[in-house]
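Only one structure is covered here, and it is reproduced in the block below.
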Amino acid sequence: MASPTTTRPPPPAPRFSSSPDAAAQTEDEAPSLSSPKTRESSPACFDFQDDESRQKIALKAAGAQLIHGPCDDAQGPRLHGLLVKGWRIQSNKHFILTMDERERWEKMLGTTHLPEMLFGNNFLELAHLATGIKIKFNALEALHDWKQENLPPVEVSAAAKWRFCSKPSQQVILDYDYTFTTPYSGSETIETEEELSSHGRSFMTTDHATSSPIQWVDCDDKIDLVALRAKDPILFYDEVVLYEDELADNGVSLLSVKVRVMPSCWFLLLRFWLRVDGVLMRLRDTRMHCSFQNDSNKAPVVIRERCHKEDTFSALALNGFPVDSSLYFDSAVASDRLTVRKQHCEKLTLKETNPKRVS
């Protein structure tokens with residue numbers, strides 16, 4: 001697949017809102033963090049003086065403090081975040097990788113295939129300062145897991161295959177998972193001094209699944225959707241795109257993570273969304289939720305729900321749903337119609353009882 005020749009600007013800066021509409025979502029919308037309706041009906045992003053005042057009041061009441069990285073170019077700060085209730089939550093957004101950076105990633109991952117739009121410098125990290133627990137999301141780890149899973153390529157028509165060629169003389173060989181479907185659910189580590197000094201850029205390795213004292217254990221607890229619908233002010237909201245590919249105009253492959261922080265908790269959704277036009281659709285969602293505790297030195301209680309959904313367009317037709325690909329431009333529409341193939345609920349635990357304080 002041809003590499004992109006244009007530079008896509010980074011996504012917009014995070015939003016801050018105290019609008020009740022932004023939190024008062026339906027049960028289906030709450031796990032998705034936001035919807036087109038929410039974005040349109042919640043213009044309170046503290047762009048004006050009144051909004052700034054409400055932001056300061058909400059942050060002060062929650063004992064929270066905003067984080068802004070240095071303004072190193074015309075785009076303004078790329079690092080944004082929040083310190084609240086013993087957590088440091090921050091996101092970074094930048095341009096897609098350059099050609100030189102893509103070549104370096106190909107060597108690290110051992111592949112010549114990468115998504116068209118690869119936001120390799122984007123990340124979301126949530127660090128619990130008292131225990132040193134860090135939960136992080138980035139493209140390199142996600143693509144490492146894509147390569148490890150090594151799914152067979154989705155079958156498409158001969159005409160669709162030819163679109164993957166940049167030159168008419170090229171032979172059409174789709175012998176890899178060109179959808180970049182990943183089982184990635186984020187990674188967890190105990191933060192070290194070296195990681196602290198790297199300003200959150202410790203993800204430039206591919207051994208994220210090894211030697212971590214953190215583990216996820218099966219549980220019966222569920223994410224409290226009622227609490228997520230409470231009309232609490234939203235102290236911090238952001239959406240971070242990790243990679244995207246239009247599958248040579250045959251659909252879309254998109255991995256992104258959204259986070260929302262309220263005075264009582266944080267909630268995030270990591271979503272892999274795939275639509276191969278006329279063939280199949282696939283969703284792989286990871287939701288995490290953590291309620292803040294009165295004692296921020298205690299180990300946090302983080303619930304993780306993972307859900308995989310998938311159907312062919314033929315199966316959708318049998319179930320009475322439309323099969324026009326243009327009707328599924330939004331993953332939220334597909335989510336209501338796809339069959340659940342796998343669902344799992346877990347709770348984060350520490351193998352070691354000794355907490356490690358992060359400065």
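Just so you know, all these numbers are worked out from the coordinates, no wet-lab data involved. Since the structure is predicted, the reported quantities are computational estimates derived from the model, not experimental observations. Cβ: placed from backbone, ideal geometry, glycine included. Neighbour counts: every protein chain shown.
Please compare each pair in Lys222/Lys258; Lys134/Lys309; Lys107/Lys147 to a cut-off of 23 Å on the Cα-Cα distance and tell me which ones are over it. List each step's numbers first, then the result.
Working: Lys222/Lys258 19 Å; Lys134/Lys309 28 Å; Lys107/Lys147 13 Å.
Check vs 23 Å cut-off fails for Lys134/Lys309.
Taking 0.36 nm per residue of sequence separation and removing the Cα-Cα distance, the Leu66/Val301 pair yields an extension gain of 82.3 nm. Annotation for the stretch 294-356 versus the stretch 83-142: alpha-carbon center distance of 21 Å.
Computed from label points 7 Å out along Cα-Cβ, the spacing between Val333 and Thr349 is 4.4 nm.
Projected area of the stretch 240-326, taken from the Cα convex hull and averaged over every viewing direction, in nm²? Mind dumping the intermediate values first?
Values: hull surface 29.6 nm².
For the stretch 240-326, the mean projected area of the Cα convex hull comes to 7.4 nm².
Listed by Cβ neighbour count within 10 Å, with the fewest neighbours leading, Ser157, Ser331 appear as Ser157, Ser331.
Placing dummy labels 7 Å off each Cα toward the beta-carbon, the span from Lys231 to Ile173 is 6.2 nm. Taking 7 Å steps out from each Cα toward its Cβ at Asp220 and Lys147 produces label points 4.2 nm apart. Each of the peptides 338-350, 98-110 was scored by the mean count of other Cβ atoms within 10 Å over its residues; in descending order, highest first, they stand as 338-350, 98-110. 3J(HN,Hα) along the stretch 52-68: 4, 5, 5, 4, 4, 5, 5, 5, 5, 4, 8, x, 9, 9, 6, 10, 10 Hz, from the Karplus curve 6.51 cos²θ - 1.76 cosθ + 1.60 with θ = phi - 60°, whole Hz, x for Gly and Pro.
Provide the FRET efficiency to the nearest 0.05 for the Ser291-Cys165 pair, computing r from the beta carbons and using R0 = 35 Å. It would help to have the intermediate numbers written out before the result.
Numbers: r = 51 Å, r/R0 = 1.46.
FRET efficiency, Ser291 to Cys165: 0.10.
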